[in-house]
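Participant: Okay, here's the structure, questions in a sec.
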Amino acid sequence: MEEEKGDFEPKIVGFTCNWCTYAGADLAGTSRKKYPPNIRLIRLMCSGRIDPMFVLKALLNGADGVFIGGCHPGECHYIKGNFYARRRIAALRTILKQFGLDNRVRSEWISASEGDKFARTMKEMAEEIKQLGPNPMRDKIL
Amino acid sequence: MEEEKKEPKKKIKIALYWAATCGGCDVATLDIEEKILDVINIADIVLWPVAMDFKYEDVEKMEPKSIDVCLFNGAVRNSEHEEIAKMLREKSKVMIAFGSCACFGGIPGLGNVANREQIFKVAYKDTPSTVNPEFVTPQTEMMTNGGEKLTLPEFWNTVKTLDQTVDVDYYVPGCPPTVDRINDAVGILAKFAETGELPPKGAVVAFDKNLCDECERKRDEEKKIKRIYRPHELKEIDPEKCLLDQGILCMGLATRGGCGARCVNANMPCRGCYGPSPEIKDHGAAVLSAIASILGVEDEAEMIDIGTPEEVEELLNQVKDPLGTFYRFTLPSSMLKRVIIKPEKGGET
């Protein structure tokens, strides 16, 4: 691979919930916050919709990182969808560690009013993934 | 095989082969008891390495598509398995992946957590009973003093399933497939011998519903696991109550039914040998997702930290070897297929 650590543009797939994080991302845009363009957002109605298979598929298809955004605990539009998401992501991390894809999945609770936090998180995450280097699965795909 | 020529009908030809497997599937074939005579009545066996003395050359000489049905058990672990799988595919009209190893990789598929170098190191050096100071490992070729070249199959880094190697028509999952399902498969063979009819390609000889549908244990509507136990850690397991309700990790909730719920009836949790339920691409991820959903964590709304709450972490830490538990039979057929090993430590295929 030509792309080395720190010197590549990571592709990050973001799964965000319709009610909080997606709206937060919208706010970041309308209030002209700057953040790196590495994220590709996919809107879901609720973070509870996230199946670990979505994350695996994103990684398998060459995503360098996966971001999951949902409402703050207790603020879920569907009452407890984000609790399910939180537990599933925690469980998924344990196997991703064993698969050798540690630290590539990050979750964050961002409400519709936290455009700032969204932009900040994107910056941090792009930086973290750059440090980690390209997804090792990419060698097989590209 | 000695048989009388009383049947005017032409018998079908079947081949049975074993690749990376324990041989349990071949034994299971004999578990159908007197039904084996039905098999002999309708079929001639042309290859069965575990029981009969046919050579690969005998099969090689046959015309393409001259074997009617091939029952292939075992995962594809080395170059010999691949070679024979390709040869049998060419010679057979119908290829059946028989047993979990051929269907999903099975227990040998767990070898995908390591690569060849690591496996050789453990098997030929690190095991306590091994004395091998020069670290001699199997070579694919060597010359004898007489100038004769000897060859061995090449051991691969990654275990593959049969359908990742050749085109597969039907699947008979199970470790090993249960007698009822083998009888179903024999029924398919019999029908084929008689009428030439076959089920649609890709059919799985098992049920389309998951194991919970067959299981007779009583379950709570609102499941909450407060602590995860391994079966030996509990003094007594209630034979009437759902194993998950008792804190034992049972894979039945995302595993295909058809086995007759034998393990759960014997008070042991399902380990998932029948593979994922239909439409599930990744068995481990499906079970993991389901188990994570029923973890019993109190007052979750109070836990407003970004990260994983301690209670959840603690519960998950009670699962020893999550990858080996959730992907016990299906690692090579899962989405990620194998563990990623960094090139510094050894090659990766």
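Participant: For segment A:63-82, state whether one or more residues are touching a Leu at 6+ places or on another chain (Cβ under 6 Å), within 11 Å of chain B (Cβ to nearest Cβ) and basic (Lys, Arg). Steps first, answer last, please.
Facilitator: Initial filter on segment A:63-82 (touching a Leu at 6+ places or on another chain (Cβ under 6 Å)): none.
No, the conditions are met nowhere in segment A:63-82.
Participant: If you go through segment B:321-328 one residue at a time, do you hit one that is at pLDDT 90 or above, in contact with a Ser or Thr (Cβ under 9 Å, 6 or more places away or on another chain) and more than 7 Å from chain A (Cβ to nearest Cβ)?
Facilitator: Yes - at least one qualifying residue is present in segment B:321-328.
Participant: Scan B:285, B:266, B:190 and give me the residue that is in contact (Cβ under 8 Å) with a residue 24 or more places away in the chain and surrounded by fewer than 20 Cβ atoms within 10 Å (Cβ to Cβ). Even if it seems obvious, please write down each step before you answer.
Facilitator: On the way: B:285 fails: surrounded by fewer than 20 Cβ atoms within 10 Å (Cβ to Cβ); B:266 fails: in contact (Cβ under 8 Å) with a residue 24 or more places away in the chain.
Matching residue, one of B:285, B:266, B:190: B:190.
Participant: Further question: Could you give every pair whose Cβ atoms fall below 6 Å, whose first residue belongs to segment B:114-139 and is assigned by TED's automatic domain parsing to the domain that holds residue B:152, and whose second residue is part of a loop (DSSP other than H, G, I, E, B) and aromatic (Phe, Trp, Tyr), counting only separations of at least 6 or pairs across chains?
Facilitator: Hits for this filter: B:125/B:135.
Participant: Give me a count of the residues in segment B:195-214 that are in a helix (DSSP H, G or I) and surrounded by fewer than 12 Cβ atoms within 10 Å (Cβ to Cβ). It would help to see each step written out before you state the result.
Facilitator: Restricting attention to segment B:195-214, the residues satisfying the condition of being in a helix (DSSP H, G or I) are B:195, B:211-214.
Narrowing the set further to residues that are surrounded by fewer than 12 Cβ atoms within 10 Å (Cβ to Cβ) leaves B:195.
Residues in segment B:195-214 being in a helix (DSSP H, G or I) and surrounded by fewer than 12 Cβ atoms within 10 Å (Cβ to Cβ): 1 in total.
Participant: Cβ contacts < 9 Å: first residue free of Cβ contacts under 8 Å to residues at least 24 places away in the same chain, restricted to segment B:147-162; second residue among the acidic types (Asp, Glu) and loosely packed, with under 14 Cβ neighbours inside 10 Å, any location; separation 6+ or different chain. Result?
Facilitator: B:149/B:141; B:150/B:141; B:151/B:141; B:152/B:141
Participant: Need at least 1 residues that are within 18 Å of the chain's Cα centre (by Cα) per element, so show me which helices (runs of 4 or more DSSP H) inside segment B:70-128 make the cut, counting only ones lying wholly within it. Steps first, answer last, please.
Facilitator: Working: elements: B:79-91, B:100-104, B:116-121.
Passing ranges, in order: B:79-91, B:100-104.
Participant: With the requirement that a residue be more than 7 Å from chain A (Cβ to nearest Cβ), modelled with pLDDT under 70 and not in a loop (DSSP other than H, G, I, E, B), what does segment B:288-314 give you?
Facilitator: Across segment B:288-314, the qualifying residue is only B:302.
Participant: Moving to a separate point now. Just one of (1) touching a Gly at 6+ places or on another chain (Cβ under 6 Å); (2) surrounded by 21 or more Cβ atoms within 10 Å (Cβ to Cβ); (3) among the aliphatic types (A, V, I, L, M) trips up residue A:101, so point out which.
Facilitator: (1)
Residue-by-condition table, conditions (1) of a type in the set (Lys, Arg); (2) more than 20 Å from residue A:41 (Cα to Cα); (3) at the interface with another protein chain (Cβ under 9 Å from one of its Cβ atoms); (4) part of a helix (DSSP H, G or I):
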residue: A:88; (1), (2), (3), (4): yes, no, yes, yes
residue: A:98; (1), (2), (3), (4): no, yes, yes, yes
residue: A:108; (1), (2), (3), (4): no, no, yes, no
residue: A:119; (1), (2), (3), (4): no, no, no, yes
residue: A:124; (1), (2), (3), (4): no, no, no, yes
residue: A:129; (1), (2), (3), (4): no, no, no, yes
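Participant: When you scan segment B:17-65 for helices (runs of 4 or more DSSP H) that lie fully inside it, which ones turn up with 3 or more residues that are touching a Pro at 6+ places or on another chain (Cβ under 7 Å) and surrounded by 15 or more Cβ atoms within 10 Å (Cβ to Cβ)?
Facilitator: Working: elements: B:24-30, B:35-42, B:56-60.
Because the criterion is at least 3 residues that are touching a Pro at 6+ places or on another chain (Cβ under 7 Å) and surrounded by 15 or more Cβ atoms within 10 Å (Cβ to Cβ), the helices (runs of 4 or more DSSP H) in segment B:17-65 that meet it are B:24-30.
Participant: Now for a separate question. Applying the selection to segment A:83-115, what residues are of a type in the set (Val, Ile, Thr) and either without any contact (Cβ under 8 Å) to a residue 24 or more places away in the chain or in contact with a Leu (Cβ under 7 Å, 6 or more places away or on another chain) (or both)? Let's see the steps before the verdict.
Facilitator: In the first step, residues of segment A:83-115 are kept if they are of a type in the set (Val, Ile, Thr); the result is A:89, A:94-95, A:105, A:110.
If the condition is that a residue be of a type in the set (Val, Ile, Thr) and either without any contact (Cβ under 8 Å) to a residue 24 or more places away in the chain or in contact with a Leu (Cβ under 7 Å, 6 or more places away or on another chain) (or both), then A:94, A:95, A:105 are the ones that fit.
Participant: Check B:230, B:217 and return the single one that is out of contact with any Asp or Glu (no Cβ under 8 Å at 6 or more places or on another chain), away from chain A (no Cβ under 14 Å), surrounded by fewer than 21 Cβ atoms within 10 Å (Cβ to Cβ) and of a type outside the set (Val, Ile, Thr). Break it down into steps so the answer makes sense when it comes.
Facilitator: Working: B:217 fails: out of contact with any Asp or Glu (no Cβ under 8 Å at 6 or more places or on another chain).
Just a single option satisfies the conditions, and that option is B:230.
The values are calculated or read from the model by the stated rules, or taken from the named source; none is laboratory data. Worth saying up front: this structure is predicted, and the values here are computed from it rather than measured. FYI the Cβ positions are ideal-geometry reconstructions off the backbone, even for glycines, and counts take in every protein chain you see.
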